[in-house]
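The values are calculated or read from the model by the stated rules, or taken from the named source; none is laboratory data. Just so we're clear, the structure is a prediction, and the values are computed from it rather than from any experiment. We work out accessible area using only protein heavy atoms, side chains counted, and drop any ligands, DNA or RNA first. Shrake-Rupley method; radii C 1.70, N 1.55, O 1.52, S 1.80 Å.
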Amino acid sequence: MAAPVYPAWVTRWVSGQWRNKKRPPTLRPPRTLALADKVASRREQPTEAKCITEMSVMMACWKQNDFNDTPCAEEIRMFYDCLAKAQKEHKNQNEDTLSSRGNLPSSKVNKLLKRFPQITRYV
């Protein structure tokens, strides 16, 4: 396996030739440093499923009672209560809030970038 080949200024910089009050070379970006007008659309991280335990208890009750609803009325009510609570929480959740990782979703970032476009050329 061959050693990587670096530009000459990198070897001089690593060797310490720039330490004698000589400035290292300036790095110029190949493009102007500006934000893009949009970001790639990414899927949101799937959130954890709600009411799984209530659903499994309800299905276990159904299985024990040959899928008869009458003896499992309490489990069914608990499952529907959990669903109603989860839907209410989802409705009340503000769209502008950050995700659990602290990032904005790509749709929100695109809205903000469209609202505040980047100036790429001067008049």
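Segment Lys114..Ala8, full-extension length gain: 33.9 nm, with 0.36 nm per residue of separation and the alpha-carbon distance subtracted. Largest first, the residues Val5, Val10 sort by 1.4 Å accessible area into Val5, Val10. Send over a whole-number figure in Å² for the accessible area per residue of the range 49-92, probe 1.4 Å. Ligands and nucleic acids excluded, the figure is 82 Å² per residue.
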